[in-house]
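The values are calculated or read from the model by the stated rules, or taken from the named source; none is laboratory data. For clarity, every value in this text was computed on a predicted model and none was experimentally measured. Cβ coordinates were reconstructed from backbone atoms using ideal geometry, including for glycine residues, and neighbour counts include every protein chain displayed. Accessible surface areas use protein heavy atoms only, side chains included; no ligands, DNA or RNA. Shrake-Rupley method; radii C 1.70, N 1.55, O 1.52, S 1.80 Å.
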Amino acid sequence: MTTPQAPSTPDQTWGAAPAPGTPRRPAWSPGRKIAAGAVAVAIVAGGGAAIWAASSSSASTDSATGPGGMPGGPGGMTGLGSALHGEYVASDGNGGYVTKITQTGEVTALSATSLTAKSEDGFSKTYTITSDQATGLATGDTVTVVATESGSSATATSVTDGASGGQLPGGGQGTPPSGAPTPTG
């Protein structure tokens, strides 16, 4: 017993002319063309906005900035002005990520290579600093520290005067991002 087979159709190559007798597909209506154009414009605009946002937020990993690229850490950000300490993840600028720590507190221990700060809630953390960042600091000063965390160590990238939010003399904070306001105080 044999099974009847469907008539075979010639293989169609993409882009080849349709086989004779094949009905043509209807052309797009003007409304459909406009809708497709609007979708394309929205995609391009969204991509441009994403690229702009990514290039603008690259300042958030600059050594003088805290979360969201605000100078001096969270003090300049709405809703975070009273934050004592926190942790966030930022782009490292090379396709990876880095964990950042920010803390406002009193300097409880200080040397040319380390600073320990204690926040009002009792949180205490020791940071590796440079001798330039230690310049102008003393035990008992209130500071805001922004640091990069790697394993169990934290290296300060910014140390600012916690009372005024200004950079300390010789603080070694690095170069502020272009267009950033200059701290005063």
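For the range 93-130, how many residues meet the condition of being assigned to a loop (DSSP other than H, G, I, E, B) and of a type outside the set (A, V, I, L, M, F, W, C)?
Total meeting the criteria: 11.
Filtering the range 131-149 down to residues that are of a type in the set (Asp, Glu) and not in a strand (DSSP E or B), which residue is modelled with the highest pLDDT?
For the range 131-149, the residue satisfying everything is Asp141.
Let me spell it out: the conditions are (1) modelled with pLDDT of 90 or more; (2) among the acidic types (Asp, Glu); (3) in contact with an Asp or Glu (Cβ under 9 Å, 6 or more places away or on another chain), and Asp121 meets all of them except one. Which number is the exception?
Condition (3) is where Asp121 drops out.
Could you grab me the full set of residues in the range 112-140 that are open to solvent by 50 Å² or more (accessible area, probe 1.4 Å) and farther than 11 Å from Leu84 by Cβ?
Listed by number, the residues that qualify are Ala112, Thr113, Ser124, Thr126, Thr128, Thr130, Ser131, Asp132, Thr135, Gly136, Thr139.
Any chance the range 76-92 includes a residue that's within 15 Å of the chain's Cα centre (by Cα), modelled with pLDDT under 80, open to solvent by 40 Å² or more (accessible area, probe 1.4 Å) and within 30 Å of Asp121 (Cα to Cα)?
Yes, there is a match, as at least one residue in the range 76-92 is within 15 Å of the chain's Cα centre (by Cα), modelled with pLDDT under 80, open to solvent by 40 Å² or more (accessible area, probe 1.4 Å) and within 30 Å of Asp121 (Cα to Cα).
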